[in-house]
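Working notes, beginning with the structure itself.
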């Protein structure tokens, strides 16, 4: 198993009601697989996940990105700083 | 500091943005020009649908935001080799109208070196890839503002 830490920001954090969540994933999962598993457990997040950006170890990822062991995974809406 | 020895300042902060202190840090003895962009909280918006803003609440993924600010600075240096110092600073927390929220400053020997364009690129790029968000709060309630840009993997 691969224990990863999810970090939520902005609207996703408010919707989840928490900043962080530890999750056990099977080894070799991609970001696409993570999204599917996450939505199985938290179907109420499906609307927020439509525009989600995902960062793996603080770098933007695509659906094909493999999730490394003990990764830190940021989930957040398109950014709006400035 | 970059390996080039040129000063690069990037930070997510909660305290007031201190323009003079930042400018001092990115001014070399060879510097003769600085282009500074700063954005502030707008209390009344007239462009598009008119609205009032009571305050903005900013949040950041701080370690990633600071890494992405460094990346923006590297991209500026790759395009404008005359740029000497770069400062990229975002203030977070609850910020009220007229308060500066962000500052991008680039210095160079002279003003005709691309230094204005470099600062413009810095703020545009920050709004694309640096993980910071703002919630706009008005007397009617609050909503998170979402950007439009979707960074590619590794961007």
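The values are calculated or read from the model by the stated rules, or taken from the named source; none is laboratory data. Since the model is a prediction, treat every value here as computed from it, not as a measurement. Please note: Cβ atoms are built from the backbone with ideal geometry, for glycine as well, and neighbour counts cover all protein chains shown.
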Being in contact with a strand residue (DSSP E or B) (Cβ under 7 Å, 6 or more places away or on another chain) and closer than 30 Å to residue B:123 by Cβ is the requirement here; does residue A:69 meet it?
no
Select from the stretch A:56-67 the residues that are without any contact (Cβ under 8 Å) to a residue 24 or more places away in the chain and either touching a helix residue (DSSP H, G or I) at 6+ places or on another chain (Cβ under 6 Å) or more than 16 Å from residue B:150 (Cβ to Cβ) (or both) and list them in ascending order.
A:57, A:58
Residue ID - nearest to the other protein chains (Cβ to nearest Cβ), chosen from residues in the stretch B:99-109 that are farther than 20 Å from residue B:62 by Cβ and touching a strand residue (DSSP E or B) at 6+ places or on another chain (Cβ under 6 Å)
B:105
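Among A:34, A:23, A:39, A:53, which is the only one that is touching a residue at least 24 places away in the same chain (Cβ under 8 Å) and more than 8 Å from chain B (Cβ to nearest Cβ)?
None of the others qualify; the one that does is A:34.
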The residue from B:93, B:85, B:39 that alone is within 17 Å of the chain's Cα centre (by Cα), at pLDDT 95 or above and more than 14 Å from every other protein chain (Cβ to nearest Cβ) is B:85
Scan the stretch B:110-136 for residues that are surrounded by fewer than 19 Cβ atoms within 10 Å (Cβ to Cβ), away from chain A (no Cβ under 13 Å) and touching a strand residue (DSSP E or B) at 6+ places or on another chain (Cβ under 7 Å) and jot them down.
B:110, B:111, B:116
If we keep only residues of the stretch B:2-18 that are more than 14 Å from chain A (Cβ to nearest Cβ) and not in a loop (DSSP other than H, G, I, E, B), then the residue nearest to residue B:103 (Cα to Cα) is B:9
Residue check: is residue B:147 modelled with pLDDT under 95 and within 14 Å of chain A (Cβ to nearest Cβ)?
no
Of the residues in the stretch B:19-49, those that are in a loop (DSSP other than H, G, I, E, B) and more than 18 Å from residue A:80 (Cα to Cα) number 9
Looking at A:28, A:74, A:17, A:81, can you tell me which residue is within 9 Å of another protein chain (Cβ to nearest Cβ) and free of Cβ contacts under 8 Å to residues at least 40 places away in the same chain?
A:81
